[in-house]
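The structure under discussion appears below in the form of structure tokens.
The values are calculated or read from the model by the stated rules, or taken from the named source; none is laboratory data. Because the structure is predicted, anything quoted here is derived from the model rather than measured. Quick reminder, even Gly has a Cβ in these numbers, built from the backbone with ideal geometry, and neighbours come from all protein chains shown.
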Amino acid sequence: MQPKLNGSAIRRQSFLPALVLLAVAVAVNFYLQPNFFRPAVLSGNLRTYLPLALLAVAQVIVVIGGGIDLSLGAIVSLVVVVMVKAMGDNAETAPLGLAIALGLVTGLVAGLVNGVCVAYLRFQPLVTTFATSFVFAGAAIGVLPSPGGNVPAVMTDIYRANPLGVPLSIWVIALVGLAWWLVRSTRFGKFLFAVGGQSFSAYMTGVPVNQVRLFTYVIAGFVSALSAITVVMGTGTGDPLIGSPMTLGSVVAITLGGTRLSGGQGGMIGAVIGVLLLGIIRSIISFANVDTWSQTLVDGIIVMIALAGPGVIRAVRALRSNTL
Amino acid sequence: MSAGQSVMETDPQPKPLANAASPANAANAKRRVQLNPTLVALLLAIALFLLGGLLQPGFTSYAQATNILRVTAFLGIVAAGQTLVIISGNEGIDLSVGALVTLGAMLTFRLVNGHNELVLPVLVVISFIGLVIGAVNGLGVTVLRIPPLVMTLGMTGVIQGAILAITQGNLTGATAPVWNQLIARPLLFDMPGVVFVWVLIGVAMWVVLERTPYGKQLFAIGTNRTTARLSGIHVPFMTVLTYALSGLLAAFGGAVLLGYAQNVYINLGTPYTLPSVAAVVMGGTLLAGGKGSYFGTMSGALVLTLVTSLLTTLQLPEYARQIVYGLILLALLSVYGRQRSLRQ
């Protein structure tokens, strides 16, 4: 009886294994870096993780809807350079509102392109978004060939602010979480899980499958633009290549967080936990006196172990029930 | 709804409608057969070649043609394993091929260190290493049920980490003169040896896919895992073997690439990962698995290489080339990558 209960709890809260891993990782990190829980260190870490956390949220929405978006990182690059370009040469007179609005529109349009290709033209999602990632990344380099730009200090200052004593990054994650909770309770939220789980059944029961799919990509484009804004606030410059490496991180993070890439299941909490886990693993490696040249290897192996974890548990269970 | 509705979909249960051959489907299939992807890609390649001649005199020369074949050969060898993995279906994709190319080249560079007599043993060793790494990919996908995309991406991180850890940032070694001679110098009809290596692999791939039990079983598991299992195919073994072969071919491709490049850097193989997938798609192999051919992939690789060299000839800036490359991929998808409408 006990395992059965456990099993269903894990199915419903698929991020539980990741949460356990996260607790272990935090403990190890604390052991290696005693000032880990100091507010300045903690909020500094959170600031570093926030862009990827938002990108993972964007990815998880698409994946729940049964797709995948390999262009999210390129969208981040494109939005970053569009914003920095719009701010102009003088940080004093930079039209901040216009820059942010342009950035958000860019993200929406990029998401719309992906969504139309996948939902209405019925292109295969993986290769489609891979193809559009070239288009977006190329456009980003076209807009701003080399890193630079003049970002007003007010943006970087806000990013380091602690409204009501709580770091801004926590506010952002809380707001996104609230939005996610609201979305889940709407009709769109129910449709989203239905489309990702069994698109044909969803179609037969009258769910507007194509619209839902389109929306997932558009929302992902928008959230990627938010991620790009945090990148600009965090780095204070525009770099046309900054986003591309983040795509892989977003996919790995949601997988670590218990979301299946086959769709119909998963959630925002798992995505954020996955990002925290990735970040803390990296932090541990940098504090553990690992030889510099071996850090990438150790990082890769730990990520693989974390990815393999649920599968190992399942394989061992299957073996046991076979031998019994 | 066939199993090919979405590549990201894993459903081990046969769907009731899976094999219902409705008249509409049959008509559709007939129409698709007429459009032979290999032929289309070949015609496209010829058209691009002639277009290049119009844009730049000298593009249609024999020297340029051999040059294009040479560049295509490297991509073609790497894409051979990718073809097998994608045919095997079930979201199959191998994104670790680029890292394996670098690893293969780096190890050959280091271990051979300029000694002609070491070339053959080292080739055996690195092929074996590629085979083992590929098999680990396959085990992760089958036993641990990690999605292939994530498994092979994760493996990319491990391989790149291993390269850094082995070399400590120092890429030392040397290419054996005989290997360079064999791969890069004109061997016959002014063609470099790599083109013949590629043709040999092409013939071997045809034999493997069309004339061996492995090939038959590969298409079977790509079409429908459940029916394949019920007809006595050991699906997990086949999957592991397929990823292992992909690893082997990628590592071997790295050694071949070294014979030409004669030098190694950390991102040597990275530019081969995504074009290898694109070449397979362009060759008409279904991303959902179960259907495809290596001749298609070879033609696809040829088209991609021609496009790249045309864009270089036009002296487009790098960013514009990227955009055009992406748009071409999208155009390709509109021909081959369309999924069935829910209404059908």
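If the condition is being at the interface with chain A (Cβ under 9 Å from one of its Cβ atoms) and either surrounded by fewer than 15 Cβ atoms within 10 Å (Cβ to Cβ) or basic (Lys, Arg) (or both), then segment B:156-179 contributes B:168, B:169. Here is a list: B:255, B:279. Which entry is more than 14 Å from every other protein chain (Cβ to nearest Cβ) and either under 25 Å from residue B:44 (Cα atoms) or among the hydrophobic types (A, V, I, L, M, F, W, C) (or both)? On inspection, the qualifying residue turns out to be B:255.
Would you point out which residue out of B:153, B:139, B:111 is in a helix (DSSP H, G or I), more than 29 Å from residue B:89 (Cα to Cα) and either more than 21 Å from the chain's Cα centre (by Cα) or of a type in the set (A, V, I, L, M, F, W, C) (or both)?
Being in a helix (DSSP H, G or I), more than 29 Å from residue B:89 (Cα to Cα) and either more than 21 Å from the chain's Cα centre (by Cα) or of a type in the set (A, V, I, L, M, F, W, C) (or both) holds for just one of B:153, B:139, B:111, which is B:111.
Only one of the numbered conditions (1) without any contact (Cβ under 8 Å) to a residue 40 or more places away in the chain; (2) surrounded by fewer than 21 Cβ atoms within 10 Å (Cβ to Cβ) is violated by residue A:198, and that is (1). Of everything in segment A:307-320 that is at the interface with chain B (Cβ under 7 Å from one of its Cβ atoms) and buried (at least 16 other Cβ atoms within 10 Å of the Cβ), the residue that is farthest from residue B:152 (Cα to Cα) is A:311. The residue of segment B:156-178 that is nearest to residue A:257 (Cα to Cα), among those that are assigned to a helix (DSSP H, G or I) and of a type in the set (S, T, N, Q), is B:156.
As a summary of the residue check, residue B:94 satisfies the conditions (1) surrounded by fewer than 22 Cβ atoms within 10 Å (Cβ to Cβ); (2) in a loop (DSSP other than H, G, I, E, B); (3) among the charged types (D, E, K, R) except for the one numbered (1).
The condition (being at pLDDT below 80, on the phi > 0 side of the Ramachandran plot, buried (at least 24 other Cβ atoms within 10 Å of the Cβ) and within 14 Å of chain A (Cβ to nearest Cβ)) is satisfied by just one residue among B:289, B:337: B:289. Looking at residue A:138, is it at positive phi and either in contact with an Asp or Glu (Cβ under 8 Å, 6 or more places away or on another chain) or surrounded by 20 or more Cβ atoms within 10 Å (Cβ to Cβ) (or both)? When the stated conditions are applied, residue A:138 does not pass them.
Table: residues versus (1) touching a Pro at 6+ places or on another chain (Cβ under 9 Å); (2) at pLDDT 80 or above.
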{"site": "B:149", "(1), (2)": "no, yes"}
{"site": "B:156", "(1), (2)": "no, yes"}
{"site": "B:164", "(1), (2)": "no, yes"}
{"site": "B:167", "(1), (2)": "no, yes"}
{"site": "B:173", "(1), (2)": "no, no"}
{"site": "B:183", "(1), (2)": "yes, no"}
{"site": "B:186", "(1), (2)": "yes, no"}
{"site": "B:189", "(1), (2)": "no, no"}
{"site": "B:194", "(1), (2)": "no, yes"}
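Meeting the requirement of 1 or more residues that are over 17 Å from the mean Cα position of the chain (by Cα), the helices (runs of 4 or more DSSP H) wholly within segment B:233-317 are B:235-261, B:294-313.
Could you list, in sequence order, the residues of segment A:282-306 that are more than 23 Å from residue B:103 (Cα to Cα) and either among the small types (Gly, Ala, Ser) or facing another protein chain (nearest Cβ under 10 Å) (or both)?
Residues satisfying the conditions are A:283, A:286, A:288, A:306.
Considering only segment A:181-197, I want to know if a residue exists there that is within 14 Å of chain B (Cβ to nearest Cβ) and either aliphatic (A, V, I, L, M) or part of a loop (DSSP other than H, G, I, E, B) (or both). Yes: one or more hits. Please indicate, with yes or no, whether at least one residue in segment B:188-201 is of a type outside the set (A, V, I, L, M), surrounded by fewer than 21 Cβ atoms within 10 Å (Cβ to Cβ) and assigned to a helix (DSSP H, G or I). There is at least one residue in segment B:188-201 that is of a type outside the set (A, V, I, L, M), surrounded by fewer than 21 Cβ atoms within 10 Å (Cβ to Cβ) and assigned to a helix (DSSP H, G or I). Just one of the listed residues (A:102, A:52) is surrounded by fewer than 19 Cβ atoms within 10 Å (Cβ to Cβ) and assigned by TED's automatic domain parsing to the domain that holds residue A:172, and it is A:102. Return a yes/no flag: does segment B:107-128 have any residue that is within 14 Å of chain A (Cβ to nearest Cβ) and modelled with pLDDT of 80 or more. No, every residue in segment B:107-128 fails to be within 14 Å of chain A (Cβ to nearest Cβ) and modelled with pLDDT of 80 or more.
Residue check: residue A:145 meets all listed conditions (1) more than 25 Å from residue B:318 (Cα to Cα); (2) surrounded by fewer than 15 Cβ atoms within 10 Å (Cβ to Cβ); (3) not small (Gly, Ala, Ser) but one, namely (1). Selection of first residues in segment B:230-245 that are more than 16 Å from residue B:87 (Cα to Cα) and in contact (Cβ under 8 Å) with a residue 40 or more places away in the chain and of second residues that are assigned to a helix (DSSP H, G or I) and of a type in the set (Ser, Thr, Tyr), restricted to Cβ pairs under 9 Å at least 6 apart or on distinct chains, gives an empty result.
Quick check on residue A:270: is it modelled with pLDDT of 85 or more and of a type in the set (Gly, Ala, Ser)? Criteria met by residue A:270.
For segment A:100-154, filtering for residues that are outside any helix (DSSP H, G or I) and more than 7 Å from every other protein chain (Cβ to nearest Cβ) leaves 9.
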